[in-house]
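Report on one structure; see the data block that follows.
The values are calculated or read from the model by the stated rules, or taken from the named source; none is laboratory data. Keep in mind that what you see is a predicted model, and the values were worked out from it rather than measured. For neighbour counting, all protein chains shown are included, and Cβ atoms are generated from backbone atoms with ideal geometry for every residue, glycine included. These accessible areas exclude ligands, DNA and RNA; they are computed on the full protein's heavy atoms, side chains included. Shrake-Rupley method; radii C 1.70, N 1.55, O 1.52, S 1.80 Å.
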Amino acid sequence: MKPRIGLLCSGGDSPGMNAAIRAVVRTALYLGYEPVGIYKGYEGLIEGQMQLLTASSVSGIIQRGGTILGAGRSPRFLFPEGRQKAYENLQSWNIQKLIVIGGDGTFKGADTFLQEHPDLQILGLPGTIDNDLYGTDLTIGFDTAVNIAMEAVDRLRDTAAAMGRLFLVEVMGRDAGFIALHTAVASGAEAVLVPETPTDFEAIVRILEQGWQRQKTSAIIIVAEGDEAGGALKAAEELQKRFPRYEIRATILGHIQRGGSPTATDRILASKLGAAAVERLHEGASGAMVGVQRDEITLTPFSKAVKAHSPLNPLLLRLVEILSL
Ligand code: F6P
């Protein structure tokens, strides 16, 4: 009987997860394993929703958003009884090696699971649009989310300029401002509000005033959903009081950022990481996230990957300020 590798996606889906699934399945087959798809994350593992996958199970999915395995958060996996059931299902399917694709919640779950069952071997792939994991320069889905947000802001810029308005655009990022900062630089926004830095409305008013003086026809401010201002709607109210010259509108991009076809960057990243995860499992690695740093594949223990994310690039923060002149 061939050895098996189980595979699941957990937490929020992200574009590129399908490319990662394809890479895991095909590399597993290449190395002589039987890949087993586990549906709906840890919940599906508890329920035993699993199926053997073949090379053709993953045909035609590299360009598709979402995940063919389904994703989701499992409250039952937070408890020992749920994890015990999950372990029993892995045993009955003869699976000892597991790859989990997701973000910090996924890796915390995997870490606890491994402590209880050290006979298992688990590796993680960073699948989240937020880019908020330590130990990888990029997470799968981030580039696509930034591109979607940038395109949306380009459209908003047209109507903002036509109507002479200020738009506040809220992007995802509960705890991290990566999507907001990268979108701001890519779309030439006047300012960006992120959870990592204090929000200074006075400074924003100075930037808006300066633009107004040189007869700028519009202004765009990108707001990360986790910023202390409390999102784009609240920030818009606050700014309207302090800077009544512009008529203000707020737009919340929401889950639109999580859907659609992944960019080439995300497909390539997912393919590289998916293949590397299988190879490293094959070599005996466990308990870590497989990431990419300076173009090198690296392993970061789960406990470290979830502790804190890397800081925002100060150069990009400064660029938003300098280029908003
Ligand atoms: O972690 C990814 C993410 O998309 C965050 O940016 C966002 O805050 C959250 O998930 C939304 O979660 P849900 O899909 O459960 O509403």
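Rounded to whole Å, the principal axis extents of the Cα atoms in the stretch 1-90 read 36, 34, 15, largest first. Which of D227, D295, D13 ends up with the largest GNM mean-square fluctuation for the chain, with Cα atoms connected below 10 Å? Result for the chain, Cα springs under 10 Å: D295 fluctuates most. Calculated FRET efficiency, H255 to K234, Cβ-Cβ distance, R0 = 22 Å: about 0.65 to the nearest 0.05. Under 12 Å from a label point 7 Å along Cα→Cβ of A203: give me every residue in the stretch 288-325 with its amide N that close. Answer for the stretch 288-325: 317-322. Ordered by solvent-accessible area of protein heavy atoms (1.4 Å probe), largest first, the residues K85, K241, K2 come out as K241, K2, K85. Taking only Cα atoms, what is the 0 to 90° angle, nearest 10, from helix 178-187's long axis to the longest principal axis of the chain? Relative to the chain, helix 178-187 is tipped by roughly 50 degrees.
Over the chain, calculate the relative contact order: mean separation of alpha carbon pairs under 8 Å at least 6 apart, over the residue count, as a percent. Relative contact order of the chain: 24 percent. The value for the stretch 142-258 of Rg(Cα) / (2.2 N^0.38 Å) is 0.96. Gain on full extension, evaluated as 0.36 nm per residue between E247 and Q210 minus their Cα-Cα distance, stands at 11.7 nm.
Note on N94/D154: beta-carbon distance plugged into 1/(1 + (r/R0)^6) with R0 of 56 Å gives a FRET efficiency of 0.65. The label-point distance for M1 and L78, in a model that sets each label 7 Å from Cα toward Cβ, rounds to 3.5 nm. On a 0 to 90 degree scale, rounded to 10, what angle separates helix 142-163 from the longest Cα axis of the chain? Once rounded, the angle reads 20 degrees.
In plain terms, the C-alpha convex hull of the chain casts an average shadow of 16.3 nm² when viewed from every direction. Does anyone have the angle between helix 264-283 and the longest principal axis of the chain? Alpha-carbon axes, 0 to 90°, nearest 10? That helix lies at roughly 30 degrees to the long axis. Work out the FRET efficiency for A55 and R294 from their Cβ-Cβ distance, taking R0 = 30 Å, and round it to the nearest 0.05. Efficiency, from the Cβ-Cβ distance: 0.40.
The GluC sites (Glu not before Pro) found in the stretch 208-264 that occupy coil by DSSP, while having at most 14 further C-beta atoms within 10 Å, are E228. Amide H contacts under 5 Å for T251: L168, V169, E170, restricted to partners 5 or more places along the chain or on a different chain, H placed in the peptide plane at 1.01 Å from N.
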